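The values are calculated or read from the model by the stated rules, or taken from the named source; none is laboratory data. Please read all numbers here as calculations on a predicted model, not as lab measurements. Every residue, glycine as well, gets a Cβ built from its backbone with ideal geometry; the counts of neighbours run over all protein chains shown.
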């Protein structure tokens with residue numbers, strides 16, 4: 001089990017350039033069905049993204065071995081969120097477009113060589129995990145529901161681990177200096193996306 005100091009260090013290492021608007025937690029807890037529904041689909045899409053990477057790069061053995069257990073874990077998180085909905089007598093709502101992820105996906109250098117596209121795919125996944133970790137931390141500290149505070153505390157640690165998994169994979173396959181430079185560029189772009197997006201009570205991102 002990680003100590004509190006280790007947990008905080010895991011959050012600080014994410015490198016996000018812009019913190020979440022402090023109003024977000026208050027807005028999110030106004031309608032738990034909406035935020036839990038969006039969270040459930042975020043976990044489902046995280047599992048799907050890992051499956052997609054495995055399908056696209058089956059020859060990258062380390063990637064396959066690293067992501068396969070994350071698929072299981074993310075799907076497990078989806079089921080955990082469903083349980084939180086059920087405990088509160090709430091139903092899973094309909095999935096809606098994730099504008100945050102859609103805008104991040106546009107940052108992928110699709111006209112470039114395969115190595116650059118591969119790097120961007122990994123780092124965009126890392127950024128999604130980083131922002132999720134940051135939001136989970138906010139919920140774990142400030143949401144009124146005590147059970148959900150503990151729930152999001154545990155998930156925060158998991159998301160931080162997934163972030164480091166994606167960064168590690170990028171450095172395993174590409175030069176570290178190249179990874180660091182592109183990550184810095186994407187972190188700056190991610191902050192601009194966060195600044196542009198409306199603060200919503202029904203979105204995890």
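Things to note:
- Where a residue in region 9-29 is farther than 20 Å from residue 185 by Cβ and its partner, wherever it lies, is at pLDDT below 85 and surrounded by 13 or more Cβ atoms within 10 Å (Cβ to Cβ), with Cβ under 6 Å and at least six apart: 10/160; 21/199; 23/199; 24/199; 27/201; 28/201
- Scope region 128-143; condition in contact with a helix residue (DSSP H, G or I) (Cβ under 7 Å, 6 or more places away or on another chain) and under 13 Å from residue 29 (Cα atoms); matching residues: 136, 138, 139, 140, 142, 143
- Residue in region 14-29 that is in a helix (DSSP H, G or I), touching a helix residue (DSSP H, G or I) at 6+ places or on another chain (Cβ under 6 Å) and more than 15 Å from residue 161 (Cα to Cα) present: yes
- Taken over region 57-71, the criterion of being in a helix (DSSP H, G or I) and without any contact (Cβ under 8 Å) to a residue 12 or more places away in the chain is satisfied by 61, 64, 65, 69.
- So residue 37, is it surrounded by 13 or more Cβ atoms within 10 Å (Cβ to Cβ) and either modelled with pLDDT of 95 or more or assigned to a helix (DSSP H, G or I) (or both): yes
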